[in-house]
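Let me begin by presenting the structure, written as structure tokens, before commenting on it.
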Amino acid sequence: MLTDREFKELLDFQPKHPVLSVYLNVDSARQPAEAYRLQLRSMLKDLPLNGNGADSAAIERYLEHEYGWTGRSLAIFSSAADGFFRAFSLQVPLRSRARLMPEPYLKPLADLLDSYGGYGVALADKQGVRVFHFHLGELREQEGTLGEVVKQVKRGRNSTRGQRGGRVQSPGGGRHTEEVVARNMRDSAQFAADFFADKQVRRILLGGTDENLAQFRAELPRSLQALVMGTFHMDMNASHDEVLRRAMQVAEEAEARSEAKLVQTVITAAAKGQDGVVGLADTLSAAHAGRVMTLLLSEGYRAPGYQCGGCGYLAAQSADSCPFCGGAFNQIEDAVEFAVRKVMRDGGEVEIVRSPELQAAGGIGGLLRY
């Protein structure tokens, strides 16, 4: 399980020696454990480990003696020379790969956090609400509250039919039912708002009937209404696995629409010379200046580049000296990974997108703060 605190530790870690980062798809329903060990050894053979054999040995020992073969993927980071070893079992799939770099290779985790991190889900009806916090494909917490029973009102000359519960046959019963529903909705929305604020969710999905969700959503604070990605029909008694499965389906569809809109916004802004950049050179320059609010990457995009040994400035092409500090440039295997770390350390976000438009524009871009 990977927490936000643990990801920040990886992001802030500044080793003195190279770090071996391994992502391994370990869905044991498809292959036996030994097949994944062989895959790991094959990936490590392709790396110039040189003096980093202690790291590969540490990872193999972990798989052999400590890992319980649960989850669907595994992320491991080792720098034996720095006394650093971290392993995380994940409930969502990741493509297997290995990198030996100056710092932990975090682009796959950034993609994971973008796609599966910080979801809040609320199932609401006229009496109460169930709320869930899902993170990286796992249920972290769930709670619920029930208000006053909404009684069914018997039809007659002086009554109207309600929605649930017992029967009331007094004049004005319909108004009373409406008042109970309105009060329950207000209380449920406040309960959900407190839960989502405490969990610091970044996206919200709502489940229930159209009528109930319209009323429930209207009672949420505007700041949370803006986080609602979509809605879906779901029975209040559904299991958390059913809720997760349906919520993630709706979230993926909403995320695809959001990504397409964001890509168009960035490309248009870059073309007009406004708050957007595309292409490796301009994006690296903006990232170095701390201007990138949202970094966009095409899925699987990598590119070599150059980094100043003095101030860390990233460039797509080498130069005799750094324009900022006069230091010498060193070639790096993946400048995109360095850009990801810089943007996230500056408080920005990273979006891994499946967009042919961004691919055609250079595979990388950014929405700028100014």
Is it the case that some residue within region 69-78 is open to solvent by less than 30 Å² (accessible area, probe 1.4 Å), on the phi > 0 side of the Ramachandran plot and without any contact (Cβ under 8 Å) to a residue 60 or more places away in the chain? yes
Exclusive hit being among the small types (Gly, Ala, Ser) and closer than 30 Å to GLU141 by Cα, set SER298, SER258: SER258
For region 36-56, indicate whether the set of residues that are within 24 Å of THR3 (Cα to Cα), at pLDDT 90 or above and touching a helix residue (DSSP H, G or I) at 6+ places or on another chain (Cβ under 7 Å) is non-empty. yes
Kindly list, by first and then second residue, each pair from a residue in region 238-265 that is of a type in the set (Val, Ile, Thr) and at pLDDT 95 or above to a residue that is part of a helix (DSSP H, G or I) and open to solvent by less than 20 Å² (accessible area, probe 1.4 Å), limited to pairs with Cβ atoms under 6 Å and residues at least 6 apart or on different chains. VAL263/LEU358
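Between ARG140, ARG61, which is surrounded by fewer than 16 Cβ atoms within 10 Å (Cβ to Cβ), basic (Lys, Arg), at pLDDT 90 or above and not in a strand (DSSP E or B)? So that I can check it myself, show each step before the final result.
On the way: ARG140 fails: not in a strand (DSSP E or B).
Unique residue meeting the criteria: ARG61.
Looking at region 293-370, what strands (runs of 3 or more DSSP E) fall wholly within it and have at least 1 residues that are under 17 Å from GLU103 (Cβ atoms) and β-branched (Val, Ile, Thr)?
Working: elements: 305-308, 329-332, 349-353, 364-368.
Those strands (runs of 3 or more DSSP E) span 329-332, 349-353.
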Identify, by number, the condition in (1) without any contact (Cβ under 8 Å) to a residue 40 or more places away in the chain; (2) open to solvent by less than 20 Å² (accessible area, probe 1.4 Å); (3) not hydrophobic (A, V, I, L, M, F, W, C) that GLN307 doesn't meet. (2)
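Please determine, by comparing only the residues of region 198-223 that are within 23 Å of ASP4 (Cβ to Cβ) and out of contact with any helix residue (DSSP H, G or I) (no Cβ under 6 Å at 6 or more places or on another chain), which one is surrounded by the most Cβ atoms within 10 Å (Cβ to Cβ). Reasoning before the result, please.
Applying the first criterion (within 23 Å of ASP4 (Cβ to Cβ)) to region 198-223 yields 198-205, 221, 223.
Now drop any that are not out of contact with any helix residue (DSSP H, G or I) (no Cβ under 6 Å at 6 or more places or on another chain), which leaves 198-204, 223.
Details: ASP198: 11, LYS199: 18, GLN200: 10, VAL201: 22, ARG202: 16, ARG203: 20, ILE204: 25, SER223: 10.
So, considering only residues that are within 23 Å of ASP4 (Cβ to Cβ) and out of contact with any helix residue (DSSP H, G or I) (no Cβ under 6 Å at 6 or more places or on another chain), the one surrounded by the most Cβ atoms within 10 Å (Cβ to Cβ) is ILE204.
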Any chance you could count how many residues in region 281-312 are among the hydrophobic types (A, V, I, L, M, F, W, C) and either out of contact with any strand residue (DSSP E or B) (no Cβ under 8 Å at 6 or more places or on another chain) or over 25 Å from GLU259 (Cβ atoms) (or both)? 3
Out of (1) over 19 Å from GLY348 (Cβ atoms); (2) open to solvent by less than 60 Å² (accessible area, probe 1.4 Å), the one GLU253 does not meet is (2)
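The values are calculated or read from the model by the stated rules, or taken from the named source; none is laboratory data. Worth saying up front: this structure is predicted, and the values here are computed from it rather than measured. Cβ atoms come from the backbone with ideal geometry, glycine included; neighbour counts cover every protein chain shown. Side chains included, ligands, DNA and RNA excluded: accessible areas come from the protein's heavy atoms. Shrake-Rupley method; radii C 1.70, N 1.55, O 1.52, S 1.80 Å.
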